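> One structure coming up, written as structure tokens, with questions to follow.
What follows is calculated from the coordinates using simple rules that are stated; it is not laboratory data. All of these numbers come straight from a predicted model, not from anything done at the bench. Here Cβ is always computed from backbone atoms with ideal geometry, including for glycine, and neighbour counts include all displayed protein chains.
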Amino acid sequence: MGDGEESERAVNENFHLMTRVSSDRRILRPLMFAFCKQKPMEDTTTDVAEMAAMVKGWWSLCFDRFDMTLSECYTNYVKKLVDHPFLLSPVERMRYLRNTHHDLSQSSLLNSRLELQVYQNWNSSPKDFETFLYKVYRYRKCRKYRGAYPSDLLRFMRNVYEHYKSCDQNLTDADVDAILRGRWPGFLDQVHIVT
């Protein structure tokens, strides 16, 4: 079995394990796990048998109704996986970044997400950037980058992809891609999830 077939099998298996379908063919997605019939445990209890008796019950996976049919949800799910930046070539990742930056009409979507807050202060020491990154960062014709906003990191990365050749003719797309992904690991993955 090739890598593509194995990936497709894994996607199918994961999708079918995590979803259920209602009688009207709408998707039910996992909402939460609920523990039923649990007795309250007192803080003073130290007896293991007594504690085990208090937590007897059963776990249930509760599902939430989703306003898509199974085929619609599956199609969207597979498309999101296939378009993941990790699976793209450096040139395709550059195109993905450019399109995502232009399609993102409200940067507050990125700036308000907790999982992207680790990228705040991404520009706290721009003098430590590689020379070509620093040149793009200091380019006078663009708005200043605010380090507190992940959306500005996205804009900066897009500008790097657009202008790096004017700063260093020896760099390749793969070089720039490796430097950006190494300097801000996981950023594009998180942006992909949010958008």
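> Full extension from VAL91 to TYR134: what is 0.36 nm times the residue separation minus their Cα-Cα distance, to one decimal in nm?
13.3 nm
> I want to check the label-to-label distance for LYS80 and GLU115. Put each point 7 Å from Cα in the C-beta direction and report it in nm to one decimal.
With each label placed 7 Å out from Cα toward Cβ, I get 0.9 nm.
> So, one more: List TYR145, TYR161, TYR139 from most exposed to least, where exposure is judged by having the fewest other Cβ atoms within 10 Å. Walk me through the numbers on the way to the answer.
Working: TYR145 18, TYR161 23, TYR139 12.
Final ranking by Cβ density, sparse to dense: TYR139, TYR145, TYR161.
> If you rank VAL136, VAL194 by fewest surrounding Cβ atoms within 10 Å, what's the result?
In increasing order of surrounding Cβ atoms, one gets VAL194, VAL136.
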